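The values are calculated or read from the model by the stated rules, or taken from the named source; none is laboratory data. All values reported here derive from a predicted model rather than from experimental measurement. Ideal geometry is used to build each Cβ from the backbone, glycine not excepted, and the neighbour counts take in all protein chains shown. Note: areas computed on protein heavy atoms with side chains; ligands, DNA, RNA excluded. Shrake-Rupley method; radii C 1.70, N 1.55, O 1.52, S 1.80 Å.
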Amino acid sequence: LVRWGFVQALRLPMLAMLHGGWLWACLGLSLAALQSFWAAQGVFWGGLAPLHVLGLGCFASLLLGMGTRVSRGHSGRAIADDYWGWRCFLILQAAVLLRLAGEFEPFAGGANLLALLLALIAYSIWGVVHGPMYFQPRSDGIQE
């Protein structure tokens, strides 16, 4: 991520979404390694945190970023500027953080439910905004 210019990528939301997904991958794999190390010592902590960081953090973020890029590109729209895609991504990041908090806090039920609702909101908004692109002619007039 450092070599790819993660900090510079934050200026371009479409690129930041993809880098953010890979950041979650690094964190999830690190958490899994740390959890395995401590489990070998007889200390069990973190529950499903590594799985949720990889699933919700990495894969769902990458799906949102790539889905946005492909939807905009194949519909003839500018790839770089997507107001709603970026906001949905930020909502999804909040869901990941809440899901992590829910794994470590005693009020796990509330944080987990809120994480679920935020993820559903993010993907619902994304679907409402980007779904129609699949049923409309390309905005640039090119016919495929």
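Helix 13-40 versus the longest principal axis of the chain: what is the Cα-based angle in degrees, 0 to 90, to the nearest 10?
For 13-40 against the chain, the angle is about 20 degrees.
Under a crude label model (7 Å from the Cα following the beta-carbon direction), how far is residue 120 from residue 138 in nanometres?
3.8
Using only DSSP helix segments of four residues or longer, with each worth -39500 (n - 2.57), what per-residue ellipticity at 222 nm results for the chain after dividing by its residue count and rounding to 500?
-22000 deg cm²/dmol
Ignoring any ligand, DNA or RNA, what whole percent of the accessible area of the chain comes from carbon and sulfur when the probe is 1.4 angstrom?
Carbon-and-sulfur percentage of accessible area, whole number: 72.
How big, in percent, is the set of alpha carbon pairs in segment 1-82 lying more than 20 Å apart?
Every Cα pair in segment 1-82 considered, those over 20 Å come to 45 percent.
Considering only protein heavy atoms, what is the solvent-accessible area of residue 140 at a probe of 1.4 Å, reported in Å² to the nearest 10?
70
Counting only heavy atoms of the protein chains, get the accessible area per residue of segment 8-144 (1.4 Å probe) and round it to a whole Å² value.
56
Which order do 37, 135 take when ranked by solvent-accessible area (1.4 Å probe, heavy atoms of all protein chains), largest first?
Accessible-area ranking of 37, 135, largest first: 135, 37.
To the nearest 20 debye, what is the magnitude of the charge dipole of segment 1-124 about its Cα centre, counting +1 on the Cβ of each Lys and Arg and -1 on the Cβ of each Asp and Glu?
380
To test your reading of the geometry: what angle, between 0 and 90 degrees and rounded to tens, separates the Cα axis of helix 60-74 from the longest principal axis of the chain?
Value to nearest ten degrees: 10.
Excluding residue 51 itself, what net charge comes from residues whose Cβ is under 12 Å from its Cβ, given Lys and Arg +1 and Asp and Glu -1?
Spelling it out: positives minus negatives among the neighbours equals 0.
Less than 9 Å Cβ to Cβ from residue 76, Lys/Arg counted +1 and Asp/Glu -1: what total charge do the surrounding residues give?
That works out to +2.
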